[in-house]
1. What is the distance, in nm, between label points placed 7 Å from the Cα along the Cα-to-Cβ direction at Arg33 and at Ala138?
2. Give the calculated FRET efficiency between Thr369 and Glu419 to the nearest 0.05, with a Förster radius of 41 Å applied to their Cβ-Cβ distance.
3. Please give the per residue accessible area of the chain, computed with a probe of 1.4 Å over protein heavy atoms only, in Å².
4. For a protection proxy built on the mean count of beta-carbon atoms within 10 angstrom, sort 264-271, 363-370, 151-158, 181-188 highest first, please.
5. Using Cα positions and a limit of under 16 Å, work out the aspartates and glutamates in reach of Lys123, with same-chain residues fewer than 8 apart set aside.
6. Expected output is a single nm value to one decimal: the length gained when fully extending between Ser288 and Asp206, i.e. 0.36 nm times separation in residues minus the C-alpha distance. What is it?
7. Can you find, among Leu301, Tyr368, Gly338, the residue sitting farthest towards the positive end of the charge dipole of region 264-382, where Lys and Arg contribute +1 and Asp and Glu -1 at Cβ?
8. State, to one decimal in nm, how far the label point of Ala377 lies from the label point of Ala150, with both points 7 Å from Cα in the Cβ direction.
Amino acid sequence: MGQDAPRRIVVVGGGTAGWMAAAALVSVLPSQRVQVTLVESEAIGIIGVGEATLPHLRHFNETLGINEADFIKATSATLKLGIEFVNWARKGDSYVHPFGDFGTEIAGLPFHQAWTRMRAAGKAREIGAYSLPVRMCAANRFDRPAEDPADFASRFGYAYQFDATRYAPFLRQHAEARGATRIEGIVDTVHCDPETGDIERLDLKDGQEIEGDFFFDCTGFRGVLIGQALNVGYEDWSHWLPCNRAIALPCEKSGPTPPYTRATAHQAGWQWRIPLQHRTGNGHVYASDFIDDETARQTLLDNLEGAPLADPRPLRFTTGRRKQFWAHNCVSIGLAGGFLEPLESTSIHLTQIAITQFIELFPVDNDYTLERESYNAHMTREFERVRDFLILHYHATERTDSEFWNYVRTMPVPDSLTEKMALFRQTGRVGRYQQGLFLEPSWLAVYLGQRIVPQSWDGRLDTIPEESLGQSLTTIESQIDQAMSRMPDHDTWLANLADVEAETRHG
Ligand SMILES: Cc1cc2nc3c(=O)[nH]c(=O)nc-3n(C[C@H](O)[C@H](O)[C@H](O)COP(=O)(O)OP(=O)(O)OC[C@H]3O[C@@H](n4cnc5c(N)ncnc54)[C@H](O)[C@@H]3O)c2cc1C
């Protein structure tokens with residue numbers, strides 16, 4: 001692999017992960033640096049679930065030069081302001097984990113400190129009343145955040161809910177137009193250098209041979225390169241996150257399109273509801289140790305909001321991660337690298353981080369041991385932090401109505417999470433990570449939503465009269481009212497986007 005020749009990167013797999021990787025590589029790195037070939041097999045197909053995303057995907061699309069309206073149209077996307085969790089801490093509970101802040105700082109301290117004091121005095125509403133995106137969800141409103149950071153309406157983010165079978169073909173067009181080459185075929189044999197162990201060549205079933213310098217394993221749960229050829233093991237986290245199966249089933253839409261995903265807890269798992277423009281995606285994620293497949297299927301059917309549009313589709317998975325994400329000259333991305341169950345829509349995001357991180361560390365030399373170590377350490381941290389955040393949803397429950405809830409409520413959890421929960425409960429402080437996906441407002445939303453309420457607040461607030469804190473809370477509520485009064489409902493926003501686009505293109 002000479003330093004001057006472009007690196008030949010072979011991406012195996014044409015699902016969301018494979019085409020995200022190929023599209024990013026050819027969009028961000030010049031053709032003098034990389035030559036990208038993607039191998040995929042229509043006979044194997046893609047997993048075709050994964051419809052809810054996080055706000056960071058907007059940045060990914062922008063970096064690739066993708067027009068938002070084109071993307072929304074191509075994938076029948078809707079907008080997502082957060083996730084509503086129903087029945088998690090107790091049956092009958094509901095809260096939203098929004099993409100945005102709660103309130104604004106009061107006396108230079110995070111909003112929830114003053115809120116905790118006012119709540120203890122019986123003078124605050126529930127925390128969601130002070131969040132613009134939570135209120136937008138409740139009112140079915142949507143608009144893009146204001147660009148002026150001084151404007152209260154700038155204080156939230158948004159993501160997409162899209163048809164998972166349409167994003168990869170959309171990215172394929174983008175990638176091929178920028179020089180990526182696609183090869184149809186099934187990888188049959190992986191040849192490794194007997195001395196270094198690096199992958200040298202792939203033989204396809206139809207006799208084609210593909211050589212490369214780097215290989216991206218995007219073959220989904222199969223892990224054809226990283227697992228089957230390089231024997232990199234898998235760290236199983238099922239003891240903390242016992243859900244291991246899902247049944248997916250789209251249904252007809254009913255009523256206005258909500259700008260959020262819903263996750264409703266059931267007896268041994270939970271059900272997603274993801275509204276798209278043309279249908280609603282549903283799925284029941286459950287733990288097979290605690291419920292049988294037929295009961296799980298029936299639970300899903302009993303809780304649909306519209307007529308089914310297909311047969312229920314069963315899926316199996318093991319929550320965990322590859323012991324090394326990057327081994328030899330092979331980087332595993334997407335489901336091949338690991339899977340954390342879809343409760344917080346993190347999988348596509350972890351794929352995005354993996355791609356971005358590889359590009360950041362793109363080897364300039366033939367010895368890239370340091371880059372590989374740095375990459376593996378970074379991805380391990382990202383996975384572990386998402387893992388802890390997911391465990392919190394299950395562990396911080398008061399439910400005692402099934403074996404499943406009794407298990408997750410009483411199971412030992414990672415020390416990193418135990419410490420964070422104790423810190424919040426005692427002091428209202430959210431332990432800070434230097435890096436990581438979910439920041440303070442996310443942890444706050446889930447702690448409070450799961451009924452972990454701080455026992456005290458920051459003592460510096462005690463010098464401020466209650467009336468003054470009360471006034472701050474009222475001001476925030478009226479700022480939210482004002483911001484929302486300018487916003488259309490979600491369906492109107494989507495319809496306007498289509499009209500504006502048509503005018504721009506034809507007029
Ligand atoms: C129940 C469930 C719900 C989910 N919900 C969400 C969600 O809401 N949000 C989210 O972000 N993520 C979600 N995910 C994850 C999401 O589906 C995946 O991250 C995403 O689809 C990427 O998949 P992939 O490209 O890694 O694998 P796949 O889609 O499985 O693609 C694998 C590719 O590899 C190819 N391939 C395999 N073997 C070979 C071979 N031998 N030769 C050649 N090609 C081969 C296949 O043809 C295919 O093109 C969910 C996952 C599950 C299981």
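The values are calculated or read from the model by the stated rules, or taken from the named source; none is laboratory data. Predicted, not measured: the structure shown is a model, and the values here were computed from it. Note that each Cβ is placed from the backbone with ideal geometry, even for glycine, and that neighbours are counted across all protein chains shown. Each accessible area value is taken on the protein alone, full model and side chains, heavy atoms only, with ligands, DNA and RNA left out. Shrake-Rupley method; radii C 1.70, N 1.55, O 1.52, S 1.80 Å.
1. 4.7
2. On the way: r = 33 Å, r/R0 = 0.80.
Calculated value: 0.80.
3. On the way: 21200 Å² over 507 residues.
Accessible surface, normalised per residue, equals 42 Å².
4. Details: 264-271: 22.8, 363-370: 11.6, 151-158: 19.0, 181-188: 16.8.
The densest-packed peptide leads the list: 264-271, 151-158, 181-188, 363-370.
5. Correct list for Lys123: Asp462, Glu466, Glu467, Glu477.
6. On the way: separation 82, 0.36 × 82 = 29.52 nm, distance 3.86 nm.
Roughly 25.7 nm would be gained on extension.
7. Farthest towards the positive pole: Leu301.
8. About 4.3 nm, to one decimal.
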